[in-house]
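The values are calculated or read from the model by the stated rules, or taken from the named source; none is laboratory data. The model shown is predicted, which means the values in this text are computed figures rather than measured ones. Please note: Cβ atoms are built from the backbone with ideal geometry, for glycine as well, and neighbour counts cover all protein chains shown. Heads up: the accessible areas ignore ligands, DNA and RNA and are worked out on the full protein's heavy atoms, side chains in. Shrake-Rupley method; radii C 1.70, N 1.55, O 1.52, S 1.80 Å.
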Amino acid sequence: MAQDGKRERDRAWIMRTYSGHSTAAASNQLYRTNLAKGQTGLSVAFDLPTQTGYDADDPLARGEVGKVGVPISHIGDMRALFDQIPLDQMNTSMTINAPAVWLLSLYIATAEDQGVDPHVLRGTTQNDIIKEYLSRGTHIFPPAASMRLITDLITYTVDEVPKWNPINICSYHLQEAGATPTQELAYALATAIGVLDAVKATGRIPESEFGKVVGRMSFFVNAGIRFVEELCKMRAFVELWDRVARERYGVEDPKQRRFRYGVQVNSLGLTEQQPENNVIRIVLEMLAVTLSKDARARAIQLPAWNEALGLPRPWDQQWSLRTQQILAYETDLLEFADLFKGSEVVEAHTQELVDSAWAEVQEVLKRGGAVEAVESGYIKQKLVESNAERLRAIENGDQIVVGVNKYIESAPSPLTENLDEAILTVDPEVDANQRAALGRWKEERDSAAVDAALAELERVAKSDENMMPASIAAAHAGVTTGEWANLLRKVWGEYRAPTGVAGATVKTAASGAAAQTIERLRNRLHTLEASMGRRPKLLVGKPGLDGHSNGAEQIAIKARDVGFDVVYEGIRVSPEQIVASALEEGVHLIGLSILSGSHLALIPEVVERLRKAGLGDVPVVAGGIIPEADAERLRRGGVAAVYTPKDFELDNIMSDLIDLVDRQHAAE
């Protein structure tokens, strides 16, 4: 109690909004506006070409530039991104993984240009490749090379950028991919163990200093709508991380064993139907990571209410920021000790999660560790099965989602009267402008310095030296993101992760209405197969750089379950490859999934290439976060059907797909 009789308040968490779009200059304006509104840290969203190591002028970047984040091709872009933002006063989180070494190098080089000593820089690089293989799909290199980059960044920053969090073990995307609380806990902890074991194996950190490495480890978690269970999950994380740090790594300092985490609440649960309900969901989910002081988040970024519709506008992000500010500054939450200490209910469920998660950690370690469990497909298959179970519960009504499968009657919402204005639309000229700017950059830089920097990078990549110093030098020389990544692709190769679809099993009801529906779908396909002389074949494709494959995986599994012959080759398949597969496999139907906003660029290209290949009669359907105006354009261009997040009933989608094949067969 303070002397004036008022309770002392704890310091509020860092408040961020995950943002970035179009160009570095536009994103810089957004950042400075958000900071002026009371945001206390930055969270940078990079576009998919940047996240996957491509420049804007690469053919694979077509349609993706500036769509889901800001394009950063070189140090000039990074300077523009942080113009008039003093980096020695900022706490910056960067959601970047495969090229994390490169983007941190650009950030350090930009700070040095500002006259800032890297030793004072504060922030976080996500740098968690394991979950990219499992859920988010922005990986580039094979696991061994990826782990090399992770450990290079960690071992460099521990002394050279000591206030930086070099990695965010990211369970957020595991939950987005379907993980249960037990799985989210277990696979995040197994990943952290794998990373720390790899750092120790480098021999670069003396045993007496290893506690410093453990102390800089941070996590980025998810918080879903079951906020009591989520609160218990966070308390379980605290207990289990203390156990790992103390027992496996011998860390004695309690501060270095502290579970340090940031959070974004569950975007997976945001609904396209009655999207105004998402505000309530976001608030409840935030409570899970704030109510318990002993397990409170150190940084929070909230999604916007309309993210199931498209990119949020600045006003939408402001609404999310104000939500945090009201909880932190208007309520008395920060005046009290932990509200749940001694609660029999909370402590009992926390212990249940601790026990189940630790058992699954041991299972992963028994299989060789996190990397091995990724390469074998074990973890991915578990996530795919859990996600299928979640979707089945929603479809059957066992899990109520207000406005989706119950209480669907609604008055018109003034927030969505004009959907074209309810979301942010990226100017289509951004792509061409970024390519042109990149061309000018390459023409005006010192080519000899670039060549020398790339030669040094290649030498270091082929050695066991740390990649950070050579990457920082390359950033100063004007090397581009694509040049850095392509050089390492040449040295280390690329990697395609297991899809988890082949071995996944779906639990279906043995009786009742759901079982009868599945039986009807299977009978229809059997009849169609007899008429066609072969089983109907569906090609599920993920064109472009979008790595969010959960929807495509669930469609593939469901289609296989009802009787389709399914071809699914995973993420990042070009339009040319999709058409080649359609020809080779003799498919009867093609389903394309895009969530990055590049649907108007890539789907028409696939349709046109199919026509030129003589496959114009093969029906094409599309799925993703696609505004109705765009969906209508796609339908006019020859797409047979468009599905969005509101179309959650997979049985209905399967019925539509069977109808399409049936009609096409009848017309032949």
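Would you kindly compute the Cα radius of gyration of region 410-466 and its largest Cα-Cα separation (Dmax), both in Å?
Rg then Dmax for region 410-466, in Å: 23.0, 65.
Calculate how large, on average over all directions, the projected area of the Cα convex hull of region 247-380 is; give the answer in nm² to one decimal. Don't jump to the answer; show the numbers that get you there.
Numbers: hull surface 47.0 nm².
Reported value for the Cα convex hull: 11.7 nm².
Using a Cα-Cα cut-off of under 15 Å, which aspartates and glutamates could be cross-linked to K442, ignoring same-chain neighbours fewer than 8 residues away?
D55, D57, D58, D77, D451, E483
Show which lysines lie in cross-link reach of K200 when reach means a straight Cα distance below 19 angstrom and same-chain residues fewer than eight apart are skipped.
K212
Which value in Å does the Kirkwood hydrodynamic radius of region 559-610 take, with 1/r averaged over all unlike C-alpha pairs and then inverted? It would help to have the intermediate numbers written out before the result.
On the way: mean 1/r = 0.0832 Å⁻¹.
Final number for the Kirkwood radius of region 559-610 is 12.0 Å.
List the equivalent ellipsoid semi-axes of region 147-260 in whole Å, largest first, each obtained as the square root of 5λ for an eigenvalue λ of the Cα gyration tensor. Write out the running numbers ahead of the final one.
Numbers: eigenvalues 130, 45, 28 Å².
That gives 25, 15, 12 Å for the three semi-axes.
How fast does region 1-136 diffuse by Stokes-Einstein, in µm²/s, taking the Kirkwood radius from C-alpha pairs at 25 °C and 0.890 mPa s? Each step should come with its number before you reach the end.
Details: Rh = 16.0 Å.
Once the numbers are plugged in, D ends up at 154 µm²/s.
Given Cα pairs under 8 Å that are at least 6 residues apart, what percent is the relative contact order of region 283-339? Could the numbers behind the result be given before it?
Working: 31 pairs, mean separation 22.1, N = 57.
So the answer I get is 39 percent.
At a 10 angstrom cut-off on C-beta neighbours, averaged per residue, how do the peptides 560-570, 110-120 rank from highest to lowest? Intermediate values should be presented prior to the final figure.
Working: 560-570: 20.3, 110-120: 15.6.
Result, highest mean first: 560-570, 110-120.
Roll a 1.4 angstrom probe over the protein heavy atoms and tell me the percent of accessible area of region 112-262 that is carbon or sulfur. Working shown, then result.
Values: 2260 of 4600 Å².
Ligands and nucleic acids excluded, carbon and sulfur give 49 percent.
Pop out the Kirkwood hydrodynamic radius of region 318-369 from its pairwise C-alpha distances, inverse of mean 1/r, in Å to one decimal. Walk me through the numbers before you get to the answer.
Working: mean 1/r = 0.0690 Å⁻¹.
Computed over region 318-369, the radius equals 14.5 Å.
What whole-number distance in Å separates the alpha-carbon centres of region 392-428 and region 473-502?
Using only Cα atoms, the two centres lie 38 Å from each other.
How far, in nm, would the chain grow between Q516 and D647 when pulled straight, counting 0.36 nm per residue and subtracting the alpha carbon separation?
Working: separation 131, 0.36 × 131 = 47.16 nm, distance 2.04 nm.
Value of the extension gain: 45.1 nm.
Quick one: dipole size for region 78-209, taken about the Cα centre, charges +1 on Lys/Arg Cβ and -1 on Asp/Glu Cβ, in debye to the nearest 20. List each step's numbers first, then the result.
On the way: 8 positive and 15 negative charges, 60 e Å.
Here the size comes out at about 280 debye.
At 0.36 nm per residue, and after removing the present C-alpha to C-alpha distance, how many nm does the segment from E247 to R611 gain when stretched out fully? Provide the component values of the computation, followed by the final result.
Numbers: separation 364, 0.36 × 364 = 131.04 nm, distance 6.17 nm.
Full extension from E247 to R611 adds 124.9 nm.
Return one whole number: the accessible area per residue of the chain in Å², for a 1.4 Å probe.
Per residue, the chain has an accessible area of 39 Å².
Looking at Y54, A109, A461, which one has the Cα that reaches farthest to the positive end of the dipole of the chain (charges on Cβ: Lys, Arg +1; Asp, Glu -1)?
Sorting the options by dipole projection puts first A461.
What is the mean projected area of the alpha carbon convex hull for the chain, to one decimal in square nanometres? Working shown, then result.
Numbers: hull surface 124.1 nm².
Projected area, direction-averaged: 31.0 nm².
For Cα pairs less than 8 Å apart in space and 6+ apart in sequence, what is the mean separation divided by the residue count of region 330-457, i.e. the relative contact order in percent?
Working: 20 pairs, mean separation 7.0, N = 128.
Rounded, it is 5 percent for region 330-457.
Which of the peptides 294-305, 615-626 is most tightly packed, and how do the rest follow, going by the mean number of other Cβ atoms within 10 Å of each residue? Numbers along the way, then the final one.
Values: 294-305: 23.0, 615-626: 20.8.
Highest mean packing first, the order is 294-305, 615-626.
Kindly rank 451-457, 373-379 from highest to lowest mean number of other beta carbons found within 10 Å of each residue.
Working: 451-457: 17.0, 373-379: 21.3.
Descending packing order for the listed peptides: 373-379, 451-457.
For region 517-651, compute Rh as the Kirkwood radius over C-alpha pairs and then the Stokes-Einstein diffusion coefficient at 10 °C and 1.306 mPa s; write the answer in µm²/s, rounded to an integer.
Details: Rh = 15.1 Å.
Estimated diffusion coefficient is 105 µm²/s.
Please give me the summed charge of the neighbours of A485: other residues whose Cβ is under 11 Å from its Cβ, Lys and Arg +1, Asp and Glu -1.
Counting the neighbours of A485, the net charge comes to -2.
Let's see if you can work this out: charge +1 on each Lys and Arg Cβ, -1 on each Asp and Glu Cβ, no other charges. What is the dipole magnitude of the chain about its Cα centre, in debye to the nearest 20? Please list the in-between numbers first.
Values: 71 positive and 93 negative charges, 132 e Å.
Rounded to the nearest 20 debye, it is 640 debye.
Which value, to two decimals, describes the C-alpha radius of gyration of region 43-202 once divided by 2.2 N^0.38 Å? Please report the intermediate quantities before stating the final value.
On the way: Rg = 15.7 Å, N = 160, 2.2 N^0.38 = 15.1 Å.
This ratio for region 43-202 stands at 1.04.
Using the Cα centre of the chain as origin and beta-carbon charges of +1 (Lys, Arg) and -1 (Asp, Glu), tell me which of N34, S73, A236 is placed farthest towards the positive end of the dipole.
After comparing all options, I get A236.
Where does region 169-221 land on the Kirkwood hydrodynamic radius, alpha-carbon pairs, in angstrom? Numbers along the way, then the final one.
On the way: mean 1/r = 0.0834 Å⁻¹.
When all Cα pairs of region 169-221 are included, the Kirkwood radius is 12.0 Å.
Express the C-alpha Rg of region 437-536 as a ratio against the empirical globular expectation 2.2 N^0.38 Å, rounded to two decimals.
On the way: Rg = 27.1 Å, N = 100, 2.2 N^0.38 = 12.7 Å.
Dividing the Cα Rg of region 437-536 by 2.2 N^0.38 Å gives 2.14.
So if each residue of separation counts as 0.36 nm, and I subtract the Cα-Cα distance between K293 and K490, what length gain in nm does that give? Could you put the intermediate results ahead of the total?
On the way: separation 197, 0.36 × 197 = 70.92 nm, distance 4.82 nm.
Stretched out fully, the K293 to K490 stretch lengthens by 66.1 nm.
Considering only protein heavy atoms and a 1.4 Å probe, what is the carbon-and-sulfur percentage of the accessible area of region 523-668? Please list the in-between numbers first.
Details: 2740 of 5720 Å².
Ligands and nucleic acids excluded, carbon and sulfur reach 48 percent.
Debye calculation, C-alpha points only, no solvent: report log10 I(q)/I(0) for region 292-334 at q = 0.22, 0.32, 0.33 Å⁻¹, in the same order as the q values.
-0.79, -1.12, -1.15
Report, ordered by chain and residue number, the lysines lying within cross-link reach of K490, taken as a straight Cα distance under 18 Å and ignoring same-chain residues fewer than 8 apart.
Excluding near neighbours in sequence, the set is K462.
Find which of W305, V289, N278 sits farthest along the positive direction of the dipole of region 270-334, computed with +1 on the beta-carbon of Lys and Arg, -1 on that of Asp and Glu, about the Cα centre.
Among W305, V289, N278, the one farthest towards the positive end of the dipole of region 270-334 is V289.
If you place +1 on the Cβ of every Lys and Arg and -1 on the Cβ of every Asp and Glu, how big does the dipole about the Cα centre of region 385-464 come out, in debye to the nearest 20? Before the final figure, lay out the partial values.
Numbers: 9 positive and 18 negative charges, 43 e Å.
Here the size comes out at about 200 debye.
At 7 Å along the Cα-to-beta-carbon direction for both A337 and D159, put a label point, then send me their distance in nm to one decimal.
In this crude spin-label approximation the distance works out to 4.2 nm.
R635 versus A449, label points 7 Å from Cα toward the beta carbon: distance in nm?
Distance between label points: 5.5 nm.
Hey, any idea what % of region 350-480's accessible area is carbon plus sulfur with a 1.4 Å probe? Don't skip to the answer; put the middle values down first.
Working: 3390 of 6810 Å².
Percent of accessible area from carbon and sulfur atoms in region 350-480: 50.
Regarding region 69-139, what's the average projected area of the Cα-atom convex hull, expressed in nm²?
Values: hull surface 19.1 nm².
Projected area, direction-averaged: 4.8 nm².
For D647, what accessible area in Å² do you get when you roll a 1.4 Å probe over the heavy atoms of the protein chains, rounding to the nearest 10?
Its accessible surface works out to 50 Å², give or take rounding.
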